[in-house]
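Engineer: Take a look at this one; I'll ask things after.
The values are calculated or read from the model by the stated rules, or taken from the named source; none is laboratory data. These numbers come from a predicted model, not from an experiment. Neighbour counts are summed over all protein chains in view; Cβ atoms, including those assigned to glycine, are modelled from backbone coordinates with ideal geometry. The protein model used for the area step is the full one, side chains on, heavy atoms only, and it has no ligands, DNA or RNA in it. Shrake-Rupley method; radii C 1.70, N 1.55, O 1.52, S 1.80 Å.
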Amino acid sequence: VPAFLNKLYNMVDDQSTDELICWSTDGLSFIVIRHEEFAKKVLPRFFKHSNFSSFVRQLNMYGFHKVPHLQNGVLNIQGTAERWEFSNPHFQRNQPDLLLLVNRKKGRDPEEKESGVVDLHHILDEISAIKKHQMSISNELKNVQNDNQVLWQENIASRERYNRHQETIDKILRFLASVF
């Protein structure tokens, strides 16, 4: 088993690092939380560098894939809270014996190209889902804008009524002041 995989398994399995890297709830993937802090605090303990991009490239060389999280089509703006999830079918919690099956990529073979087509279909499906979600958000936004317009019109009408009432009250008070 390559040293990288042993170090990776130990790093993910180490409970003292769980606030920055841990197993997913099902144990079929692992999650890096706050990747910049992870790179500074955890990577140097297990590797000779603190470069998160190099770490991700190394993961990719061993067939790990980033698990996409659409969170209902909304991107997470808070970069510090970003979660990176990676999976490999042979990298699982409590099964270090499977590490023997994780191979370093050598080059693109026909089988990988076919899986690339499958990935393309998956990506197209995801894009379609995003477009549908975007359309529903757009429709909801139009409804909110219409509601906002109605509220502004009601607000203006209320102000005008208030001003008319105030003028009537002022006239009544002036009349009463002139009588008494």
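Engineer: Please indicate, with yes or no, whether at least one residue in the range 40-51 is touching a Pro at 6+ places or on another chain (Cβ under 9 Å) and either modelled with pLDDT of 90 or more or closer than 21 Å to residue 24 by Cα (or both). Steps first, answer last, please.
Structural biologist: Pass one, the range 40-51, residues touching a Pro at 6+ places or on another chain (Cβ under 9 Å): 50.
With either modelled with pLDDT of 90 or more or closer than 21 Å to residue 24 by Cα (or both) added as a condition, the list becomes none.
Checking the range 40-51: not a single residue is touching a Pro at 6+ places or on another chain (Cβ under 9 Å) and either modelled with pLDDT of 90 or more or closer than 21 Å to residue 24 by Cα (or both).
Engineer: Moving on. On the given criteria, is residue 7 within 18 Å of residue 91 (Cβ to Cβ), open to solvent by 20 Å² or more (accessible area, probe 1.4 Å) and not in a loop (DSSP other than H, G, I, E, B)?
Structural biologist: Values: within 18 Å of residue 91 (Cβ to Cβ): yes; open to solvent by 20 Å² or more (accessible area, probe 1.4 Å): yes; not in a loop (DSSP other than H, G, I, E, B): yes.
It is true that residue 7 is within 18 Å of residue 91 (Cβ to Cβ), open to solvent by 20 Å² or more (accessible area, probe 1.4 Å) and not in a loop (DSSP other than H, G, I, E, B).
Engineer: While we're here: Only one of these conditions is not met by residue 53: (1) out of contact with any helix residue (DSSP H, G or I) (no Cβ under 6 Å at 6 or more places or on another chain); (2) closer than 16 Å to residue 94 by Cα; (3) not in a loop (DSSP other than H, G, I, E, B). Which number is it?
Structural biologist: Looking at each condition in turn, residue 53 falls short on (2).
Engineer: Collect the residues in the range 10-34 that are open to solvent by less than 30 Å² (accessible area, probe 1.4 Å) and outside any strand (DSSP E or B), keeping them in residue-number order.
Structural biologist: Passing the criteria: 11, 12, 17, 20, 24, 27.
Engineer: Filter the range 120-129 for residues that are at pLDDT below 85 and either open to solvent by 60 Å² or more (accessible area, probe 1.4 Å) or among the acidic types (Asp, Glu) (or both) and give the result. If you could, list the steps in order and put the result at the bottom.
Structural biologist: Pass one, the range 120-129, residues at pLDDT below 85: 120-126, 128-129.
Selection gives 120, 121, 122, 123, 124, 125, 126.
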